[in-house]
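For reference, the structure discussed in these notes is given below.
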Amino acid sequence: MIIRWVCEKDNKKWLYPVEKCIYCKGPITKQKGNDIKVIGITRVSIPSPMHPVIPYNVLLLEDEHGNRIPKKTMKNYKIGDEYKVEKAKTDEAVVITKIKYDIGEALEESLELLKSYDVGENDKVLIKPSIIEPAYPYQTVNTNPRLLNEIIVSLKKKGVKDIIIAEQAMIGNDVMAAAKKAGILEVCKKHSVLFIDLSKADCVEKNEEGFNFRIAKEVMERKIINVPVMKTNSQIGISGAVENMIRLADEGTQKRMFSEDIEKTLPKLLKVLPSFLTIGDATIGMHGQGPTLLGEPAFLNMILVSKDAVALDTVFSEMGMLKMPDYLKAAAEIGTGNDNTKNMEIVGDELEAIKFNLKPAKKGVSAHPNIKLVDGKANPYTFNTALKMTSKLVGMLGEEVNLVIGPIITKEMVVGKERLVVYGDDAIKRTNELGIEPLAEIPEDVDELEKVMLLKSILENPEKKKITVGDKLKSKMAKFGAKIKSNV
């Protein structure tokens, strides 16, 4: 589809959305072209950073209104050929749509390419965005409020009246504060849509292969639209359609999922959830040290849509030339989705045509360059608070410290690593079992400021062999001083 924004009075056209004519201040109409033909072809055989897969063709397309647009494709065309995008033939298809200028039009185009989009006026809908920590929309940590707005508009056009948005933040963060900063609450207010904090929701229990999940009750009573941000994840490879569903479970379930190996329990979660549609938010997306603020905007400018969460994440992994996460392979093995693009239906844009190298998330990186993480698949609370601790010490010089977190620690993971600090109840228990003697152990129930002060005392003193009573006293005094200051 080729779109132009037109002032019929002045016979003026724009490539991008405009609300009114800048000349006569009159109304604007959308001109949509559907009868599209190839009028030019350029063959490209030299790779570039954004287009590493060669050879490819750049077509010049023209519609029935004379509007033109370039289009990248791996397929061969001839001048005069019709250019048409076919609708999906299966419910498991993945739709890839490049956003030209208008997120709403890209969303509408994506949904039209699905074999079926079975949401009607009598349905109750739960939209599940990704809102993990307080961050502005341009930082790409949380679901883009502009996309969320267009999804609500689309649902209301279909006559859906009962819509809620539901999410809980990464454990240790406040979802309401995160939703406000991300612009999500503003969208909710605009459309009079209720926002629900899933950490306070009533739960139902579901069991799969001996693992007991406590899932928010609302999830089982509504049609779900999953709207994850497509990004890298330094713990499990990528955050996307599958990972976003973790926070439908309560805090205790999430912690147990990590303690029993998140790569194995995450596929089981898909087994107990009702079917859902995923609208993958790659309007900007994230790469590098995602999924938190340590990551970088990827500027993907795409929407990915599918009823198969595993297939959608697989497409994202291959699109970014990232290593396939183990949990996607495990999910495919138990029949919860397709992890093989060779036998996957992909419609819209071509996968090979959108491939380019995203920066993978490196393991062991924290906010501080001299504090390395030894991550034994720590639960979200431990991982989140560990990153917060290290961010509080940014700018402070010091000797390298290895911060050990998570329950799945082996001796091989710490061999050759000096100045070990063990943080979190799971890691403390595990390192004690292995007979590992660190410089210090920092329990989770210690006050946040005390944690930072204890870690600081080791970071800034290369001769320190262990945490002393004096160090603990100083950290408590710092906590006491901070409370006095806040009350003044």
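The values are calculated or read from the model by the stated rules, or taken from the named source; none is laboratory data. Everything quoted here is computed from the prediction, not taken from an experiment. So basically every Cβ, Gly included, is an ideal-geometry build from the backbone, and we count neighbours across all protein chains shown.
Here are some notes:
- Matching residues, region 421-443, being part of a strand (DSSP E or B) and under 31 Å from the mean Cα position of the chain (by Cα): 421, 422, 423, 442
- Residue list for region 138-153, restricted to those being of a type outside the set (A, V, I, L, M), in a helix (DSSP H, G or I) and either buried (at least 19 other Cβ atoms within 10 Å of the Cβ) or modelled with pLDDT under 95 (or both): 145, 149, 150
- Within region 7-49, the set of residues being in contact (Cβ under 8 Å) with a residue 24 or more places away in the chain, under 19 Å from residue 106 (Cβ atoms) and aliphatic (A, V, I, L, M) comprises 15, 36.
- In region 274-291, the residues that are buried (at least 23 other Cβ atoms within 10 Å of the Cβ) and under 18 Å from residue 203 (Cβ atoms): none
- Top-ranked residue of region 327-367 - restricted to ones that are polar (S, T, N, Q) and outside any loop (DSSP other than H, G, I, E, B), ranked as surrounded by the fewest Cβ atoms within 10 Å (Cβ to Cβ): 343
- Candidate set from region 33-69 (those that are among the acidic types (Asp, Glu) and loosely packed, with under 14 Cβ neighbours inside 10 Å); member that is nearest to the chain's Cα centre (by Cα): 35
Here's the yes/no breakdown for (1) among the basic types (Lys, Arg); (2) at pLDDT 95 or above; (3) crowded, with 24+ Cβ neighbours inside 10 Å:
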position: 214; (1), (2), (3): yes, yes, no
position: 244; (1), (2), (3): no, yes, yes
position: 247; (1), (2), (3): yes, yes, yes
position: 255; (1), (2), (3): yes, yes, no
position: 266; (1), (2), (3): no, yes, no
position: 272; (1), (2), (3): no, yes, no
position: 303; (1), (2), (3): no, yes, yes
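- The requirement of being more than 15 Å from residue 384 (Cα to Cα) and touching a Pro at 6+ places or on another chain (Cβ under 7 Å) is not satisfied by residue 419.
- In the set (1) among the acidic types (Asp, Glu); (2) more than 22 Å from residue 133 (Cα to Cα); (3) in contact with a Pro (Cβ under 8 Å, 6 or more places away or on another chain), residue 162 fails one condition alone, (3).
- Of everything listed in (1) within 30 Å of residue 188 (Cβ to Cβ); (2) modelled with pLDDT under 95; (3) in a strand (DSSP E or B), the single unmet condition for residue 31 is (1).
- Of residues in region 100-121 being modelled with pLDDT of 95 or more and part of a loop (DSSP other than H, G, I, E, B), the one farthest from residue 1 (Cα to Cα): 115
- Flag if residue 133 is surrounded by 19 or more Cβ atoms within 10 Å (Cβ to Cβ), within 14 Å of the chain's Cα centre (by Cα) and among the acidic types (Asp, Glu): yes
- Qualifying residue in region 413-427 (condition: outside the structural domain of residue 231 (by TED's automatic domain parsing), on the phi > 0 side of the Ramachandran plot and either touching a Phe, Trp or Tyr at 6+ places or on another chain (Cβ under 6 Å) or surrounded by 14 or more Cβ atoms within 10 Å (Cβ to Cβ) (or both)): yes
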